[in-house]
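Report on the following structure.
The values are calculated or read from the model by the stated rules, or taken from the named source; none is laboratory data. This structure is a prediction, so every number in the text was calculated from the model and none was measured. No Cβ is skipped: glycine too gets one built from the backbone with ideal geometry, and neighbour counts run over all protein chains shown. When the accessible area is computed, the model is the full protein with side chains, heavy atoms only, and any ligands, DNA or RNA have been set aside. Shrake-Rupley method; radii C 1.70, N 1.55, O 1.52, S 1.80 Å.
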Amino acid sequence: MTYENILVETHGKVGVIRLNRPHALNALSAGLIEDLNKALEAFEADKGVGAIVLTGSEKAFAAGADIKEMQDKTFADVFIEDFISKWENVAKTRKPVIAAVAGFALGGGCELAMMCDFILAADTAKFGQPEIKLGVIPGAGGTQRLTRFVGKSKAMEMVLTGRMMDAAEAERAGLVSRVVPAAQLFEEALKVAATIAALSAAAVYAAKESVNRSYETTLTEGIRFERRIFHSLFATEDQKEGMKAFVEKRAAAFRNR
Ligand code: HXC
């Protein structure tokens, strides 16, 4: 399937979605979000895909929601269509989604990256929530997710001033998992995604769900949830294979059973 605003390909068991509106620094138009959701849905349904990489160009992951498209909307428009709610599909995907960010990740672009499971950054990456300069605030989770990633003080400064954070600061603050040279970003993201895609899908889905649960509940409930899910994985053939392979000093061959 071909799309107008994104490029889609697979590399082995890794699905790749590249945001592709170069004339607008990958600004997230309604059409782009529609394409993105269709591509995510297709990868979710594809048994041959075990992990997804979401990336942009060298210059921009995404420079935010499309301001030209947004500027004339009224309160009734945005309220009735529940503007931005469709973006959340990224966060609802069960397969791991890795954001590979080079250049600008601003506004909705930063929020989209934060909806992914983790962010790998090029040393050229710049993150920011500049919505305040447009007379609005982040509307796709920025005030909530950025605060959980980097803490109140830094999130508040960024949201109130619109200041950008470079890759080194983003790594220090815990917004990104790692920074790599820009020329190696895509290759590194593919490598990490391929590593995950080769593991037991049940364990991967369970791990993702359990880490995400830590945002939604108390420590006691989160640990109980984790333990029950951990127990349940002993019902899979992949657990037997994984542990047997370790004892036999060979690589495990997971079959998603
Ligand atoms: C629409 C955009 C855009 C955007 C850039 N462009 N960002 N178009 N929406 N968010 C377009 C420019 O208009 C220009 O097109 C082309 O992309 C190149 O951009 P330049 O500004 O010429 O590039 P540069 O000088 O390198 O500056 C890069 C930049 C700047 C610093 C990233 O473009 C910028 O500040 N962009 C807006 C960032 C922003 O405010 N994002 C938050 C959006 S609000 P033309 O045709 O003029 O050449 C948001 C809310 C989400 O995301 C939450 C839900 C509501």
Original post:
Using beta carbons and a limit of 9 Å, which pairs, at least six apart or on different chains, have the first residue in the stretch 90-113 and assigned to a helix (DSSP H, G or I) and the second one of a type in the set (Asp, Glu) and open to solvent by 10 Å² or more (accessible area, probe 1.4 Å)?
Top reply: 108/66; 108/131
Original post:
Mind checking which residues of the stretch 14-23 are open to solvent by 30 Å² or more (accessible area, probe 1.4 Å) and either part of a strand (DSSP E or B) or among the small types (Gly, Ala, Ser) (or both)?
Top reply: 18
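Of all residues in the stretch 153-164, count the ones that are out of contact with any Gly (no Cβ under 8 Å at 6 or more places or on another chain) and open to solvent by less than 40 Å² (accessible area, probe 1.4 Å).
1
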Original post:
Considering only residues of the stretch 34-60 that are assigned to a helix (DSSP H, G or I), touching a strand residue (DSSP E or B) at 6+ places or on another chain (Cβ under 9 Å) and not charged (D, E, K, R), which is surrounded by the fewest Cβ atoms within 10 Å (Cβ to Cβ)?
Top reply: 42
**OP:** Restrict the check to the stretch 69-88 and report whether at least one residue is part of a strand (DSSP E or B) and either more than 10 Å from the ligand (Cβ to nearest atom) or of a type in the set (Gly, Ala, Ser) (or both).
**Re:** no
Original post:
Looking at the stretch 69-91, which of its residues are modelled with pLDDT of 95 or more and loosely packed, with under 10 Cβ neighbours inside 10 Å?
Top reply: 71, 72, 74, 75, 76, 80
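Which residue, of 230, 234, 225, is of a type in the set (Phe, Trp, Tyr) and open to solvent by less than 80 Å² (accessible area, probe 1.4 Å)? Steps first, answer last, please.
Working: 230 fails: open to solvent by less than 80 Å² (accessible area, probe 1.4 Å); 234 fails: open to solvent by less than 80 Å² (accessible area, probe 1.4 Å).
Only one candidate qualifies: 225.
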**OP:** Look through 173, 182, 167 and report the one residue that is more than 16 Å from the chain's Cα centre (by Cα), crowded, with 19+ Cβ neighbours inside 10 Å and over 17 Å from residue 91 (Cβ atoms).
**Re:** 167
**OP:** Looking only at the stretch 185-196, count how many residues are under 14 Å from residue 102 (Cα atoms) and open to solvent by 90 Å² or more (accessible area, probe 1.4 Å).
**Re:** 1
**OP:** Would you point out which residue out of 124, 143 is within 16 Å of the ligand (Cβ to nearest atom), more than 16 Å from the chain's Cα centre (by Cα) and in a helix (DSSP H, G or I)?
**Re:** 143
